[in-house]
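Working notes, structure below.
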Amino acid sequence: NSTLAITLVLSASSTYPRLSAATPISAPSGTNVVAIKLTGTNLSSSTTIRLKKSGQSDIVATGIVSSSGNTILNANLNLSGAATGDWDIVVANASGTVTQTGGFSVTP
């Protein structure tokens, strides 16, 4: 397993989602269920997670569960038919959206 350091976005909002790590940072295309773990702050169970890549349909995470005082999100990604290459990790809550450009790689 690999971990990716995530660039933080500065915000005056105390409830803005913040990411510090994502694990894993890659998985093969065609995998039906990839469990992903995001670490940060303000990551409640109402937070949404998706992978975004230009020219492709978003991959929306399912089964999102928040733990450790809203500092960890566990979710599942379905990479069936996903294009290979780097995808952005997009995390959003009611206060805002954080995007880690190229934060997840779909491999052949």
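The values are calculated or read from the model by the stated rules, or taken from the named source; none is laboratory data. Here the structure is a predicted model, which means the values were calculated and not measured. In this analysis, Cβ positions are derived from the backbone assuming ideal geometry, glycine residues included, and neighbour counts consider all displayed protein chains. Keep in mind that these areas ignore ligands, DNA and RNA; they rest on the heavy atoms of the full protein, side chains included. Shrake-Rupley method; radii C 1.70, N 1.55, O 1.52, S 1.80 Å.
Things worth noting here:
- Theoretical gain in end-to-end length, GLN56 to THR71 [0.36 nm per residue, Cα-Cα removed]: 2.5 nm
- About the Cα centre, charge dipole magnitude for the chain (Lys/Arg +1, Asp/Glu -1 at Cβ), debye: 80 debye
- Of all accessible heavy-atom area on the chain, the percent that carbon and sulfur account for (1.4 Å): 51 percent
- Based on protein heavy atoms only, the chain ends up with 50 Å² per residue of surface accessible to a 1.4 Å probe.
- Area projected by the alpha carbon convex hull of the chain, averaged over all directions, nm²: 6.3 nm²
- Hypothetical label at SER44: residues of the stretch 78-108 whose amide nitrogen lies under 14 Å (7 Å Cα-Cβ projection): 92-96
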